[in-house]
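What follows is a set of notes on a single structure, which appears directly below.
The values are calculated or read from the model by the stated rules, or taken from the named source; none is laboratory data. Just so we're clear, the structure is a prediction, and the values are computed from it rather than from any experiment. Neighbour counts run over all protein chains shown; Cβ positions are idealised from the backbone, glycine included.
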Amino acid sequence: MLLSTIIFLFFLFLTYALFLLASRKADARHARLQQRVTEALEGSSSSFGDIVEISRDDSIGGNPTLNRLLSSLDFVQRVDRMIQQADVNITVSRLLAFSAVAGLLAGLAAYTMLNIVPAFLLSVLAASLPIFHVARTRSKRLRTFNAQLPDTLDLLSRSLAVGHAFSESLNQVASEMPDPIAKEFRVTFEEQKLGLSTKMALDRLTERVPLLDLRLCVTAMHIQRETGGNLAEILERVSHTIRERFRIMEDFRTMTTASRASGWILCALPFALVFVMTVINPSYMSVLVHDQRGHYVLTFAIVWQIFGMLLIKKFLSIKV
């Protein structure tokens, strides 16, 4: 049993390490390509007679046949969109391949020491780890972007107030602000420099960064371009609104601190109880591992524990 556990953990971490290695390799290749594009833009003329169509590489798979097959699936399209928003340079086919390998190895290793039901659940859990990693990276990146947005709007407002053009203000944000917001505004600036209209470039920005606050800013910019007005003053007011929203969210987090702590304690209590009982009386808890009925009890306990954790998280989520 110990050998099976070691094999299971070894292959699980090996698959995850290969996934990270492939992501880093793709990041390096993308960075070299981005550097060449930036150098070409710096050496090019700032005026273009014709509008250049800007398009990204929509390749989902490694070959055209696989690309057509995967592109027809709604789940694959959602995963592809999540990868773009997480800024992880890996194809959907490679991500799904890592998930399949992780699930297969975890299921085979778990089946050698457990019943088929818990082995299947562990297989599903292992298969979801690469996708969970991308989703977590996406959430972290969007939170960072949202936190940088008020300062970015203040910088845009000051740049416009002193007489700079809107495109030059975007370039100033890309130069002075940290990533990830600098990278996204740099892409928007380069798209506009290559001939894309300002409206389309900003709409593409909201597609890459699906945040409510950013959509509010872009909508305000579109309205100003159609109706007129002081864009610097509008951006300053939007920045103030976003900061007030952040303040209200922090107040809610402060008021729900005790409830969130209670939720974490309730989630951790079953695991702590199992650990203590295993240390005190190992033979009492060994039934869950060595008996088939214990496997079913353990499986349903884990499923309901996860359901309870998600329910507690849902109750404590407050949208402002």
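Against the definition (in contact with a helix residue (DSSP H, G or I) (Cβ under 7 Å, 6 or more places away or on another chain), of a type in the set (S, T, N, Q) and in contact (Cβ under 8 Å) with a residue 12 or more places away in the chain), how does THR278 come out, yes or no? Here the answer is no, as THR278 does not meet what is asked.
In segment 64-93, the residues that are closer than 20 Å to PHE145 by Cβ reach residues that are part of a loop (DSSP other than H, G, I, E, B) and modelled with pLDDT of 80 or more with C-beta atoms within less than 8 angstrom, at least six apart or across chains, in these pairs: GLN85/VAL209; GLN85/PRO210; ASP87/PRO180. State whether one or more residues within segment 110-131 are in the same structural domain as ARG225 (by the TED database), small (Gly, Ala, Ser) and either under 20 Å from GLN192 (Cβ atoms) or buried (at least 19 other Cβ atoms within 10 Å of the Cβ) (or both). The answer is no, given that none of the residues of segment 110-131 is in the same structural domain as ARG225 (by the TED database), small (Gly, Ala, Ser) and either under 20 Å from GLN192 (Cβ atoms) or buried (at least 19 other Cβ atoms within 10 Å of the Cβ) (or both).
Quick check on GLY308: is it outside any helix (DSSP H, G or I) and within 30 Å of ASN146 (Cα to Cα)? Taking the combined requirement at face value, the residue does not satisfy it. Is it the case that segment 115-133 has a residue that's modelled with pLDDT of 85 or more, closer than 30 Å to GLU250 by Cβ and part of a helix (DSSP H, G or I)? Checking segment 115-133: at least one residue is modelled with pLDDT of 85 or more, closer than 30 Å to GLU250 by Cβ and part of a helix (DSSP H, G or I).
For the condition in contact with a Pro (Cβ under 8 Å, 6 or more places away or on another chain), polar (S, T, N, Q) and under 30 Å from ARG78 (Cα atoms), THR144 qualifies. Every condition in (1) closer than 21 Å to ARG186 by Cα; (2) modelled with pLDDT of 85 or more holds for ARG237 except the one numbered (1).
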